[in-house]
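K.L.:
Structure incoming, see below.
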Amino acid sequence: MLLFSLTAALVCAALLGLAVAWLRRTPDSALDQARQRYEAFVADLDRRVAAGHTDAALAREEKTEAARALLRVEEAEAVAPVDPRIGFAGAVVIAVAALGLSVFVGKPDLPDQPYAARVKAWVETLNTAPETLEAKPAAVALQQLSGKYGDKPAYWLQLGQTLVVAGDYYEAAQAFKRVTQLAPEAAVGWSNLGEALTLLNKGQSNGEARAAFAEALTRDGDDLTALYYSARILTTDGRYEEARRLYGVVQSRLAADDGRQQTVAAEIAALDQSAQTAATVQAQIGGMVAGLEARLAKNPEDPDGWARLLRSYRVLKNVEGEKRVLATLDRLYADRPAIARDIVQRADRPVGAQ
Amino acid sequence: MIAELGTFCLGLAFLLSLAQALSVAGAAWRPLRGMARWSEGLSLAAAMASVLAFAALLHAFVTSDFSVSNVARHSHTLKPLLYKISGTWGSHEGSMLLWCMVLLSYGALVTLFGRGLPSGLRHKVLGVQGLLGALFSGFTLFSSNPLARPDPAPYEGQSLNPMLQDPALALHPPLLYLGYVGFSVVFAFAVAALIEGRIGREWARWVRPWTLVAWVFLTLGIALGSFWAYYELGWGGWWFWDPVENASFMPWLAATALLHSAIVLEKRDALKSWTVFLALLAFTFSMLGAFLVRSGVLTSVHAFAVDPQRGILLLAILFVTAGAGFALYVFRASALSSGGVFAPVSRESTLVLNNLLVFVALSTVCLGTLYPLLMEALTGKTISVGTPYYNLSFVPAMSVAMLILPLASLMAWKRGDLKAVGQRLALAAGISLLLAVLGAVLMGSGEAKKVLSLGVGFLLGGWVILGSWQVLQERTHLLKVPFSESLRRFRALPLATHGMVLAHVGLGLFVLGAVVETQTKLSAVDHLRVGGALRVGAYEVRLSDIKSVVGPNYEAERGVLEVRRGGKPICQALPERRFYPASATVTTEVALCFQPLNDLYFVLGEPSAEGWQVRALYNPWARLIFFGPLLMAIGGVLSLCDRRLRLGLVHRGKKG
């Protein structure tokens, strides 16, 4: 705070000094200024008249106007200087008020925290007391060691796991990709990659994540992370029995007092709920689809109906039904492919999108 | 400590500005009359304090000091240095600090370059500038402090909106603010002159350079913003009549009218009230723009989503400053008798008519911008005012203004001869008509609306350009005297004449580009697999590859598009679809194939089972849309150079 106050006072003194220095210059008299302005103006006018750009009469008029303006200027009225003590008092008030404002609005005792200095401090802490570091600074500090340990899969694995804890799933996925490149035979790299990608995708396993879990299970059928996420993928796909079986495998591999048992149990409970809801929805959609199929059989010239039927089969994951509709469309609209293409595109859009 | 010193300097700038205003106000009391001079030194100190505050924020951005909340919310360690720097003004708080720095620096420039001004006027200008500086720096310090500090500091920043990470947009805000805030000086000159009760030719001479400076910056800022929207947003458009775009366009129109009315005041000692009114209006529209962008009343890619509380504060500043300025105007305007008398047919009359038309155009833009907001506020109904409204209101007013423009350039002062001017412009009119017919027939493809638009566009564009050429031809006596003599006359022309001609030619080129681009552009969209092709006009576009690339803070899929015409390769375009992990945002990066006049414009869309969506646009004469305003700005700079005598630069050089 003392250093800040001193520096602030110096800044204040410098700026007010600048103001005083400007005011101490001897100003030109108003008449001198006006005369010089007049001479420059007349010279400019003469130049323009000589070049033929200004009408001589207009120039004469402008000169007269400028001369009148010059005549109007009188020597600046002698202004009595203001008592310098008022200025000094004003400067002190400004300096004190500025300091008071910065205390009121700012946090003068809070030091700057440039990123490079913080990283340096984190690296030191990592070397001395790593347990005191939170995940994000620990990950940043670990990243600084990539030059030294960049060829070691264990380093990238630790970095990736720390990044996952820090919530930086994108960077974590990049780290796990390095693990899979350096040690492709290790299942743990693949399963962690799949997990990071799933977390990055807000809990949904995309194609890349699914492929990573599959790779992990190819290398180690007992990889718990891969088993757990594979069960979740099966649940998403509506393959509830297979999912239930995999969750069972995960439960059996975990110790009875392992905290993760609760997570798996919750997943199984959610799975049962989903299966029940899905069965109800399936039944409802099934009835609706049957009605739609019957209507289209009677009146096949209904592109909107075909689009809805195709969308329904896709929702129901009824691959056979989908193939059947596509084949019918090919046949029905063989001479009108644009309509068939439009139906397929409309079926891709979610309900209500149009 | 640097961040805290920044806060200290911002507070100091606020207090120094306040002292600057008070020193002028206090000088009204006779014993303290000499105090007015203090405003000069205080303006320099306030400007320096604001520069130091800005430098502290810049330092925090460059060093990624996330203990400053503004840095934490708008920067990231992976951001390239340029965008760390531009992040300084990428937020409401940072841009307000930039606004204050520019405002206070303009005040300092009045002190440095305004030594030729009568001291009474100079000090009053500085007093008004000080008041404006105190209001805006106070607002920034107390409600939008860019150097506010959270404790503890986050480990990483949230990054800047990827759409704003662009070289054009890094420069766009500073240019825009140099324009917006430049009008504060013009405003201060108007208020000071109203207080003094003296407005005449000298005043117009003093105001014009400041107006020109701000106008040039605003022209460049608007053009750069438009170019950014054109290639960054991926819609292929360059002007959307977005309220935020209009917010920058309104002060520009007011300043354009002001520049021309100031000429009449300078030359003929006429239009005093009108010129002062425009001077007040230009900065009022600048402040209105600041309110619209920052109050949260608008949702736009350009707008800062800021809470209404701060919007109300800005509205209060707008009412206080503009209200005081216009109240003063109401009380004093009647005393501003115009000395110059002129005939109905004269250069003055055409300039007045032109001014009125520009003002009508400005009013239509103002109505179109504010009416939907007022409707929503009063009735809760949301209405949108779009291009059709502006085509029916703004375009006709500006078209007539452009028809008059060459007449105004050639007409004599005081009493003109319309017939003689008509004869001198007959050739220009004939060629423009011919161009209009050719353009409409060759490019209109038979559609009535296109034919009409192209015809009018070519007529106006050609008329303004050829009319400007006629000015040059007459001033240089081209084809009437030996070429060497014409060349000598050309060189001897005042820079202001070169500037005027360039600016008018720029306007003509802009109109040509705008009309041809909007009426004849072509587009095609298709889903392409690698090897697939689509056609846009005479061009075949083949997707030859999709590559993954890694940028400094993004990953991208880059389409490699081979563009051919009649089998001949034209260019290779590389549009991208980028993913910024820091903000989990996907953006599209347009690829442009620059032709001399035309653009081939490509966007890589989302991938699907049918391939990558590729959008191709052929934008004919698009280059003129941005080249025209550039010429206008260069014209402004040339004009400004011609005013150096009035800025006192020569005077100082002689002394040295």
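K.L.:
List pairs: first in segment A:319-332 and more than 17 Å from A:ASN299 (Cα to Cα), second loosely packed, with under 15 Cβ neighbours inside 10 Å, Cβ under 9 Å, 6+ apart or cross-chain?
P.N.:
none
K.L.:
Is it the case that segment B:614-632 has a residue that's among the aliphatic types (A, V, I, L, M), surrounded by fewer than 21 Cβ atoms within 10 Å (Cβ to Cβ) and assigned to a helix (DSSP H, G or I)? Write out each step before concluding.
P.N.:
Within segment B:614-632, the subset among the aliphatic types (A, V, I, L, M) is B:614, B:616-617, B:622, B:624-625, B:630-632.
Then keep just the ones that are surrounded by fewer than 21 Cβ atoms within 10 Å (Cβ to Cβ); that gives B:630.
Filter once more, so that each one left must be assigned to a helix (DSSP H, G or I): B:630.
Yes; the residues of segment B:614-632 include at least one that is among the aliphatic types (A, V, I, L, M), surrounded by fewer than 21 Cβ atoms within 10 Å (Cβ to Cβ) and assigned to a helix (DSSP H, G or I).
K.L.:
Could you list, in sequence order, the residues of segment B:23-38 that are closer than 17 Å to B:LEU104 by Cβ and in contact (Cβ under 8 Å) with a residue 24 or more places away in the chain? Walk me through it before giving the result.
P.N.:
Of segment B:23-38, the ones closer than 17 Å to B:LEU104 by Cβ are B:23-24, B:38.
Passing the criteria: B:SER23, B:VAL24.
K.L.:
Pick from B:ALA28, B:ALA3, B:ALA47, B:ALA60: which is more than 9 Å from chain A (Cβ to nearest Cβ), among the aliphatic types (A, V, I, L, M) and assigned to a helix (DSSP H, G or I)?
P.N.:
Working: B:ALA28 fails: assigned to a helix (DSSP H, G or I); B:ALA3 fails: more than 9 Å from chain A (Cβ to nearest Cβ); B:ALA60 fails: more than 9 Å from chain A (Cβ to nearest Cβ).
Checking each option against the conditions leaves just B:ALA47.
K.L.:
Using beta carbons and a limit of 6 Å, which pairs, at least six apart or on different chains, have the first residue in segment B:407-432 and under 14 Å from B:PRO344 (Cβ atoms) and the second one among the β-branched types (Val, Ile, Thr)?
P.N.:
Sorted first by the residue in segment B:407-432, then by its partner, the pairs are B:LEU407/B:THR350; B:LEU407/B:VAL421; B:ALA408/B:THR350; B:MET411/B:THR350; B:MET411/B:VAL421; B:GLY416/B:VAL345; B:LEU418/B:VAL345.
K.L.:
Same structure again: Does segment B:200-214 include one or more residues that are assigned to a loop (DSSP other than H, G, I, E, B) and either within 14 Å of another protein chain (Cβ to nearest Cβ) or of a type in the set (Val, Ile, Thr) (or both)? Talk me through it step by step, then tell me what you get.
P.N.:
Within segment B:200-214, the subset assigned to a loop (DSSP other than H, G, I, E, B) is B:200.
With the extra rule that they be either within 14 Å of another protein chain (Cβ to nearest Cβ) or of a type in the set (Val, Ile, Thr) (or both), the set shrinks to B:200.
There is at least one residue in segment B:200-214 that is assigned to a loop (DSSP other than H, G, I, E, B) and either within 14 Å of another protein chain (Cβ to nearest Cβ) or of a type in the set (Val, Ile, Thr) (or both).
K.L.:
Would segment B:437-444 turn up any residue that is crowded, with 19+ Cβ neighbours inside 10 Å and either in the same structural domain as B:ARG268 (by TED's automatic domain parsing) or basic (Lys, Arg) (or both)?
P.N.:
Checked against the condition, which is being crowded, with 19+ Cβ neighbours inside 10 Å and either in the same structural domain as B:ARG268 (by TED's automatic domain parsing) or basic (Lys, Arg) (or both), segment B:437-444 yields no hits at all.
K.L.:
Yes or no: B:GLU4 buried (at least 24 other Cβ atoms within 10 Å of the Cβ), of a type in the set (Asp, Glu) and farther than 22 Å from A:LEU23 by Cα? Talk me through it step by step, then tell me what you get.
P.N.:
Working: buried (at least 24 other Cβ atoms within 10 Å of the Cβ): yes; of a type in the set (Asp, Glu): yes; farther than 22 Å from A:LEU23 by Cα: yes.
Criteria met by B:GLU4.
K.L.:
Counting just the residues of segment B:579-595 that are more than 13 Å from every other protein chain (Cβ to nearest Cβ) and in contact with a helix residue (DSSP H, G or I) (Cβ under 7 Å, 6 or more places away or on another chain), which one comes out surrounded by the fewest Cβ atoms within 10 Å (Cβ to Cβ)?
P.N.:
Looking at the filtered set, the residue picked out is B:LEU592.
K.L.:
I would also like to ask the following. Condition test on B:GLY422, is it within 28 Å of B:PRO251 (Cα to Cα) and surrounded by fewer than 16 Cβ atoms within 10 Å (Cβ to Cβ)? Can you show your working first?
P.N.:
Values: within 28 Å of B:PRO251 (Cα to Cα): no; surrounded by fewer than 16 Cβ atoms within 10 Å (Cβ to Cβ): yes.
Here the answer is no, as B:GLY422 does not meet what is asked.
K.L.:
Sticking with this one: Determine, yes or no, whether B:LEU52 is surrounded by 23 or more Cβ atoms within 10 Å (Cβ to Cβ), within 13 Å of chain A (Cβ to nearest Cβ) and either at pLDDT 95 or above or more than 30 Å from A:VAL82 (Cα to Cα) (or both).
P.N.:
Answer is no for this residue.
Here's the yes/no breakdown for (1) in a helix (DSSP H, G or I); (2) crowded, with 17+ Cβ neighbours inside 10 Å; (3) in contact with a helix residue (DSSP H, G or I) (Cβ under 7 Å, 6 or more places away or on another chain):
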residue: A:PHE4; (1), (2), (3): yes, yes, yes
residue: A:LEU15; (1), (2), (3): yes, yes, yes
residue: A:GLN33; (1), (2), (3): yes, yes, no
residue: A:ALA40; (1), (2), (3): yes, yes, yes
residue: A:LEU45; (1), (2), (3): yes, yes, yes
residue: A:ARG60; (1), (2), (3): yes, no, no
residue: A:THR64; (1), (2), (3): yes, no, no
residue: A:LEU70; (1), (2), (3): yes, no, yes
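K.L.:
Could you check segment A:157-241 for helices (runs of 4 or more DSSP H) lying wholly inside it with 2 or more residues that are without any contact (Cβ under 8 Å) to a residue 60 or more places away in the chain, surrounded by 19 or more Cβ atoms within 10 Å (Cβ to Cβ) and within 14 Å of chain B (Cβ to nearest Cβ)? Before the answer, list the steps.
P.N.:
Details: elements: A:169-182, A:187-200, A:207-219, A:224-236.
Of the helices (runs of 4 or more DSSP H) lying wholly inside segment A:157-241, those with at least 2 residues that are without any contact (Cβ under 8 Å) to a residue 60 or more places away in the chain, surrounded by 19 or more Cβ atoms within 10 Å (Cβ to Cβ) and within 14 Å of chain B (Cβ to nearest Cβ) span A:169-182, A:187-200.
K.L.:
Follow-up question, since we're still on this one. Here is a list of conditions, (1) at pLDDT below 90; (2) more than 37 Å from the chain's Cα centre (by Cα); (3) part of a helix (DSSP H, G or I), and A:ALA334 meets all of them except one; can you say which number that is?
P.N.:
The number of the failed condition is (3).
K.L.:
Quick check on A:LEU217: is it touching a helix residue (DSSP H, G or I) at 6+ places or on another chain (Cβ under 6 Å) and either of a type in the set (Asp, Glu) or farther than 25 Å from A:GLN282 by Cβ (or both)?
P.N.:
Numbers: touching a helix residue (DSSP H, G or I) at 6+ places or on another chain (Cβ under 6 Å): yes; either of a type in the set (Asp, Glu) or farther than 25 Å from A:GLN282 by Cβ (or both): yes.
Judged against the criteria, A:LEU217 is a match.
K.L.:
Scan the helices (runs of 4 or more DSSP H) fully inside segment B:379-459 and keep the ones with 2 or more residues being more than 33 Å from the chain's Cα centre (by Cα), at pLDDT below 95 and not aromatic (Phe, Trp, Tyr). Outline the logic, then answer.
P.N.:
Working: elements: B:387-410, B:418-424, B:426-443.
Once the helices (runs of 4 or more DSSP H) in segment B:379-459 are filtered for at least 2 residues that are more than 33 Å from the chain's Cα centre (by Cα), at pLDDT below 95 and not aromatic (Phe, Trp, Tyr), what remains is B:418-424, B:426-443.
K.L.:
How many residues are closer than 29 Å to B:PRO607 by Cα, among the basic types (Lys, Arg) and either not in a strand (DSSP E or B) or not assigned by TED's automatic domain parsing to the domain that holds B:GLU576 (or both) if we restrict to segment B:489-545?
P.N.:
2
K.L.:
Determine whether segment B:116-124 contains at least one residue that is away from chain A (no Cβ under 12 Å) and among the small types (Gly, Ala, Ser).
P.N.:
Applying the first criterion (away from chain A (no Cβ under 12 Å)) to segment B:116-124 yields B:124.
Of the ones still in play, those that are also among the small types (Gly, Ala, Ser) are none.
Looking through segment B:116-124, none of the residues is away from chain A (no Cβ under 12 Å) and among the small types (Gly, Ala, Ser).
K.L.:
Tell me, yes or no, whether segment B:127-150 has at least one residue that is within 19 Å of the chain's Cα centre (by Cα) and either in a helix (DSSP H, G or I) or basic (Lys, Arg) (or both).
P.N.:
No.
K.L.:
So if I check each of A:LEU224, A:LEU246, which one is within 35 Å of the chain's Cα centre (by Cα) and on the phi < 0 side of the Ramachandran plot? Let's see the steps before the verdict.
P.N.:
Details: A:LEU246 fails: within 35 Å of the chain's Cα centre (by Cα).
Being within 35 Å of the chain's Cα centre (by Cα) and on the phi < 0 side of the Ramachandran plot holds for just one of A:LEU224, A:LEU246, which is A:LEU224.
K.L.:
So, one more: For B:SER67, indicate whether it is out of contact with any Phe, Trp or Tyr (no Cβ under 7 Å at 6 or more places or on another chain), of a type in the set (Ser, Thr, Tyr) and outside the structural domain of B:VAL550 (by TED's automatic domain parsing). Before you say what the answer is, go through the steps one by one.
P.N.:
Working: out of contact with any Phe, Trp or Tyr (no Cβ under 7 Å at 6 or more places or on another chain): yes; of a type in the set (Ser, Thr, Tyr): yes; outside the structural domain of B:VAL550 (by TED's automatic domain parsing): yes.
Spelling it out, B:SER67 is indeed out of contact with any Phe, Trp or Tyr (no Cβ under 7 Å at 6 or more places or on another chain), of a type in the set (Ser, Thr, Tyr) and outside the structural domain of B:VAL550 (by TED's automatic domain parsing).
K.L.:
Continuing with the same structure: Scan segment A:126-143 for residues that are within 13 Å of chain B (Cβ to nearest Cβ) and either assigned to a helix (DSSP H, G or I) or over 17 Å from A:VAL164 (Cα atoms) (or both) and jot them down. I'd like the intermediate steps shown before the answer.
P.N.:
The first filter runs over segment A:126-143 and keeps only residues within 13 Å of chain B (Cβ to nearest Cβ), leaving A:133-141, A:143.
Those that are within 13 Å of chain B (Cβ to nearest Cβ) and either assigned to a helix (DSSP H, G or I) or over 17 Å from A:VAL164 (Cα atoms) (or both): A:ALA135, A:LYS136, A:PRO137, A:ALA138, A:ALA139, A:VAL140, A:ALA141, A:GLN143.
K.L.:
Residue by residue through segment B:19-43, note down the ones that are surrounded by fewer than 23 Cβ atoms within 10 Å (Cβ to Cβ) and at pLDDT 85 or above. Before the answer, list the steps.
P.N.:
At the first step, the residues of segment B:19-43 found to be surrounded by fewer than 23 Cβ atoms within 10 Å (Cβ to Cβ) are B:21-22, B:25-26, B:28-34, B:37.
Listed by number, the residues that qualify are B:ALA21, B:LEU22, B:ALA25, B:GLY26, B:ARG37.
The values are calculated or read from the model by the stated rules, or taken from the named source; none is laboratory data. What you are looking at is a predicted structure, and each value in this text was computed from that prediction instead of being measured. Ideal geometry is used to build each Cβ from the backbone, glycine not excepted, and the neighbour counts take in all protein chains shown.
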